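The block underneath contains the structure these notes are about, expressed in structure tokens.
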Amino acid sequence: LWSYQAERFPLIAYAPMVVAFTASAAYYSRFARGEAGFIPGDRFVVGAFTALVFFAWLRILDEHKDAEIDRRYRPELPVPRGLVTRAELRRVGGALLALALALNLLVAPQLFGAIALVAAYAALMTKEFFVGEWLRARPIAYLLSHMAILPLIDFYTTGLDWLAEGVVPPPALGLFLALTYFNGVVVEVGRKIRVPEAEREGVDTYTKAWGLGTAPMVWLAVLALTAVIAGAALLAVGASRIELGILGALALGAAVPALRFLRAPRAGLSRQIEAASGVWTIAMYLLLGIGRAAAHALGAG
């Protein structure tokens, strides 16, 4: 199991990212409500752990959803090669989920509804909404339907503030959830842009579905859209021109590998697009949440 997580769900990468993601979501909700400070520490720890369990379960459910494809076309992966079984993953996932539920019951039982929403949608995703063949023949519909899980997770992480406090969600929350949705599209498209020699039989990519020129153009368009939504989300909580300038610089920097790929597609650039997707997402969430909180603290000091 430890070797499995190192390959398919590296905690050394996921844990810091999910902690930052959760903190920024809770901070943004505080900013949007005009509230100072942060949520209670125990609630944050439970929330970050629960968010990590959500993402671990998405990995486990993917192992079940893609079992036949992995067996046929990706036998080098841990489950097809016998490193771990899907039953073992279910047992570990079940234990983690039970622990997360118990902790939420102790700290913030108001969040059970948000957890149920994530669980229900994840179950539908595993069944591919009972229209798997139809979805797989339509990459855009597949992409858009599966990305909806992310704002549901953010409904929980922002709810660590407003939902646990029993107040009405702040109006700006809609912008934050929309941003999460389209950032998911950025990451998903960005990790499936390949040069022709890197394509594999049975492995879906957006360059294979849309073409070598169209896929990076779509990625750039969605990146631009997320930058606009992020700008609106910042303005909704009183961001300064400096913060907007930083956001713009981040977006321009993230776009560089895709622009270079359009001119001369290379395998190294496709990997850079994937990396840029992740860096953009993390940096933008930090700017919206933890970064703003740190700037305010320094200003107050």
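Only the coordinates and a few stated rules stand behind these numbers; no lab work does. Computed from a predicted structure; not experimentally measured. Positions of Cβ are backbone-derived with ideal geometry, glycine not excepted, and every protein chain shown enters the neighbour counts.
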Dipole axis of the chain (+1 Lys, Arg; -1 Asp, Glu on Cβ), positive-most option in TRP57, LEU103, TRP210: TRP210
Percent breakdown of C-alpha pair distances by 5 Å bin, ordered from the shortest bin, for segment 1-164: 1, 8, 16, 18, 19, 16, 11, 6, 3, 1, 0
Total charge dipole magnitude, segment 1-139, about the Cα centre, Cβ charges on Lys, Arg, Asp, Glu only, Debye to nearest 20: 120 debye
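Give me the number: length gained by fully extending ALA36 to ILE69, i.e. 0.36 nm times residue separation minus the C-alpha to C-alpha distance, one decimal in nm.
Full extension from ALA36 to ILE69 adds 7.0 nm.
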Length-normalised contact order for segment 1-164 - Cα pairs under 8 Å, 6+ apart - percent: 34 percent
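Quote the FRET efficiency, to the nearest 0.05, computed for ARG59 versus ALA224 with a Förster distance R0 of 25 Å and r equal to the Cβ-Cβ distance. If you can, show how the numbers build up before the last one.
Working: r = 29 Å, r/R0 = 1.18.
E between ARG59 and ALA224, to the nearest 0.05, is 0.25.
Between ARG91 and ALA275, take the C-beta separation as r, use R0 = 45 Å, and let me know the FRET efficiency to the nearest 0.05.
The pair ARG91/ALA275 has a calculated efficiency of 0.85.
So, with +1 on the Cβ of K and R and -1 on the Cβ of D and E, and no other charges, what is the size of the charge dipole of segment 170-300 about its Cα centre, to the nearest 20 debye?
On the way: 11 positive and 7 negative charges, 49 e Å.
My answer is approximately 240 debye.
Please rank ASP161, ASP66, ASP42, fewest neighbouring Cβ atoms within 10 Å first, as an exposure proxy.
Values: ASP161 27, ASP66 15, ASP42 12.
Fewest-to-most ranking of ASP161, ASP66, ASP42: ASP42, ASP66, ASP161.
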The chain: DSSP helices with Cα axial extent of at least 18 Å and average Kyte-Doolittle hydropathy no lower than -1.0: 11-33, 41-65, 86-107, 112-126, 173-190, 214-236, 241-263, 267-288
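Based on the alpha-carbon gyration tensor of the chain and its eigenvalue square roots a ≥ b ≥ c, which shape applies: rounded if a/c is under 1.5, prolate if not and a/b is larger than b/c, or oblate? Walk me through the numbers before you get to the answer.
Values: a/c = 1.92, a/b = 1.18, b/c = 1.64.
Judged from the Cα gyration tensor, the chain comes out oblate (a/c at least 1.5, b/c at or above a/b).
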Contact order normalised by residue count of segment 170-300, Cα under 8 Å, 6+ apart, percent: 30 percent
Relative contact order of the chain, defined on C-alpha pairs under 8 angstrom at six or more residues apart (%): 22 percent
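Among 132-145, 278-291, how do they line up from the highest to the lowest mean number of other beta-carbon atoms within 10 Å? Please report the intermediate quantities before stating the final value.
Numbers: 132-145: 14.4, 278-291: 20.6.
Going by the mean number of other Cβ atoms within 10 Å, highest first, we get 278-291, 132-145.
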Cα-based reach from LYS127 at 23 Å (exclusive), listing lysines while leaving out same-chain residues under 8 positions away: LYS65, LYS192
Among LEU259, SER277, TYR28 the positive-end extreme of the charge dipole of the chain (Cβ point charges): LEU259
ALA294-ALA198 pseudo-label distance in nm [points 7 Å out on the Cα-to-Cβ vector]: 3.0 nm
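For a quick check of your reading of the filter: which trypsin sites (Lys or Arg not before Pro) in segment 251-287 sit in a DSSP loop and have no more than 16 other Cβ atoms within 10 Å?
On the way: sites: ARG260, ARG263, ARG266, ARG271; in loops: ARG266.
Taking segment 251-287 and a limit of 16 other Cβ atoms within 10 Å, the loop trypsin sites (Lys or Arg not before Pro) found are ARG266.
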